[in-house]
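The values are calculated or read from the model by the stated rules, or taken from the named source; none is laboratory data. Owing to the predicted nature of the structure, the values given are computational and were not obtained by experimental measurement. So basically every Cβ, Gly included, is an ideal-geometry build from the backbone, and we count neighbours across all protein chains shown. Surface accessibility is based on the protein's heavy atoms, side chains included, excluding ligands, DNA and RNA. Shrake-Rupley method; radii C 1.70, N 1.55, O 1.52, S 1.80 Å.
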2 protein chains.
Amino acid sequence: MAKKILPLSRVYGLLEPGPVLLVTTARKGHANVMAQSWHCMMEFEPPLVGCLISGRNHSFDALVATRECVLNIPTAKLLDRVVGVGTCSGRRVDKFAKFGLTPKPAAAVGAPLIDECYASLECRVVDTRLMNRYNFFVLEVVKAWIDAAVKEPRTLHHRGRGRFMVAGKTIRTRAKVK
Amino acid sequence: MAKKILPLSRVYGLLEPGPVLLVTTARKGHANVMAQSWHCMMEFEPPLVGCLISGRNHSFDALVATRECVLNIPTAKLLDRVVGVGTCSGRRVDKFAKFGLTPKPAAAVGAPLIDECYASLECRVVDTRLMNRYNFFVLEVVKAWIDAAVKEPRTLHHRGRGRFMVAGKTIRTRAKVK
């Protein structure tokens, strides 16, 4: 998927709606990917993102060791793959190969972009004060990529217990809000 | 709106999709409400929610002083009121009166429920370690209310600059995920 650079000031508009993410990490030559919905914006620019990565996940160790990851945003056509990624562990499986996801080199971090996702955000860990207690990492987005052809992304939003809301239509208001 | 108690174990399914919230506070007999989208789940049960409340907001002072708030979830029919609430300050305006929102007493906290919202989560602040640096509060949901008639809530999801995605249809997968 042809992606171009997205200005960092626009990143919040991708994450604020609450989409399911595919988070990639890489360590010692092995990349991994996990599904994740527990994230929130914490600052506009530079964009900061709070993110839960459970200590039960294989990705946790890689994130702690490398302090880098990529937040990739899938759309509804990837639903089966998102569910697949979310229900097995990278300890036993090469999830890229198993689910037909294509890793591409990132510009600023060691973790890969996922080619099939319409947007990818390269991140570094900048605060771990809540890591031990909550598995909560504060990430800074250092480089952002988007497929500019996708104007109204049909993102996935997990409602719990395997139910996914698919993003509906967008209403433009005249609200003077950021 | 007739709401019933929602088990706390189900709360994450309301917030994980990333809806815009109307956050209420109350201090010295004065209630206030603000619009908010920067939140994320941090634990299933008891439900913990990370939440940004900017120091520029009138609600910040009330939250710091009382350590209580209610997260109310509006649906698309409240869009105009959400935009109104999000673009003026409680320092100068009684937003409940101005926008036709009805405060109802909560069970466990001093901040009010908003009757017109389909769900309301009574919260207490449990961690302020990231408050000074990021305006980030960790909240525990202590009581949850929902209008059980709303099966597929048409929640609002802010895409930035006054654009709101309205929740689309829900797909049920057989994924063994929580």
Would you mention how many residues in the range A:1-13 are in contact (Cβ under 8 Å) with a residue 60 or more places away in the chain and more than 8 Å from chain B (Cβ to nearest Cβ)? 9
From the list B:LEU52, B:LEU21, which one is within 28 Å of B:LYS151 (Cβ to Cβ), open to solvent by less than 50 Å² (accessible area, probe 1.4 Å) and under 12 Å from the mean Cα position of the chain (by Cα)? B:LEU21
Counting only residues that are of a type in the set (Val, Ile, Thr) and either surrounded by fewer than 16 Cβ atoms within 10 Å (Cβ to Cβ) or away from chain A (no Cβ under 11 Å) (or both), which one in the range B:164-174 is farthest from B:ALA62 (Cα to Cα)? B:ILE171
For the range A:129-148, the count of residues that are out of contact with any Phe, Trp or Tyr (no Cβ under 8 Å at 6 or more places or on another chain) and free of Cβ contacts under 8 Å to residues at least 24 places away in the same chain equals 3
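Let me confirm something: among A:LYS95, A:LYS151, A:LYS77, A:LYS178, which residue is out of contact with any Phe, Trp or Tyr (no Cβ under 6 Å at 6 or more places or on another chain) and more than 27 Å from B:ALA76 (Cβ to Cβ)?
On the way: A:LYS151 fails: more than 27 Å from B:ALA76 (Cβ to Cβ); A:LYS77 fails: more than 27 Å from B:ALA76 (Cβ to Cβ); A:LYS178 fails: more than 27 Å from B:ALA76 (Cβ to Cβ).
Selected residue: A:LYS95, the only one of A:LYS95, A:LYS151, A:LYS77, A:LYS178 that is out of contact with any Phe, Trp or Tyr (no Cβ under 6 Å at 6 or more places or on another chain) and more than 27 Å from B:ALA76 (Cβ to Cβ).
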Condition first: in contact with a Cys (Cβ under 9 Å, 6 or more places away or on another chain) and among the polar types (S, T, N, Q). Now tell me which residues in the range A:64-101 satisfy that. A:ASN72, A:THR75
Of all residues in the range A:128-163 being part of a strand (DSSP E or B), at the interface with chain B (Cβ under 7 Å from one of its Cβ atoms) and in contact with a Pro (Cβ under 9 Å, 6 or more places away or on another chain), the one that is surrounded by the fewest Cβ atoms within 10 Å (Cβ to Cβ): A:HIS157
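Of all residues in the range A:164-178, how many are in a loop (DSSP other than H, G, I, E, B) and either among the β-branched types (Val, Ile, Thr) or farther than 27 Å from B:LEU14 by Cβ (or both)?
Step one: filter the range A:164-178 for residues in a loop (DSSP other than H, G, I, E, B), giving A:173-178.
Adding the requirement that they be either among the β-branched types (Val, Ile, Thr) or farther than 27 Å from B:LEU14 by Cβ (or both) leaves A:173-174, A:176-177.
Residues flagged as in a loop (DSSP other than H, G, I, E, B) and either among the β-branched types (Val, Ile, Thr) or farther than 27 Å from B:LEU14 by Cβ (or both) within the range A:164-178 amount to 4.
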Selection from the range A:43-87 of residues among the hydroxyl-bearing types (Ser, Thr, Tyr) and in contact (Cβ under 8 Å) with a residue 60 or more places away in the chain yields A:SER54, A:THR75
Any pair with Cβ under 8 angstrom, 6 or more apart, that starts in the range B:106-128 at a residue that is among the basic types (Lys, Arg) and ends at one that is part of a strand (DSSP E or B): B:ARG124/B:GLU68; B:ARG124/B:LEU139; B:ARG124/B:GLU140; B:ARG124/B:VAL142
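Which residues, taken from the range A:96-127, are of a type outside the set (A, V, I, L, M), under 20 Å from A:SER9 (Cβ atoms) and open to solvent by less than 50 Å² (accessible area, probe 1.4 Å)? Explain how you work it out, then say what you get.
Keep residues of the range A:96-127 that are of a type outside the set (A, V, I, L, M), which gives A:96, A:98-100, A:102-105, A:110, A:112, A:115-118, A:120, A:122-124, A:127.
Filter once more, so that each one left must be under 20 Å from A:SER9 (Cβ atoms): A:118, A:120, A:122-124.
Selection gives A:TYR118, A:SER120, A:GLU122, A:CYS123.
Given the criterion open to solvent by 10 Å² or more (accessible area, probe 1.4 Å), under 22 Å from A:THR155 (Cβ atoms) and of a type in the set (Asp, Glu), identify the matching residue among B:GLU68, B:GLU16.
B:GLU16 is the lone residue from the list that is open to solvent by 10 Å² or more (accessible area, probe 1.4 Å), under 22 Å from A:THR155 (Cβ atoms) and of a type in the set (Asp, Glu).
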First in the range A:88-101 and more than 21 Å from B:LYS178 (Cα to Cα), second anywhere and part of a loop (DSSP other than H, G, I, E, B), Cβ under 9 Å, 6 or more apart: A:PHE96/A:THR102; A:PHE96/A:PRO112; A:LYS98/A:CYS88; A:GLY100/A:GLU116; A:LEU101/A:ASP115; A:LEU101/A:GLU116; A:LEU101/A:CYS117
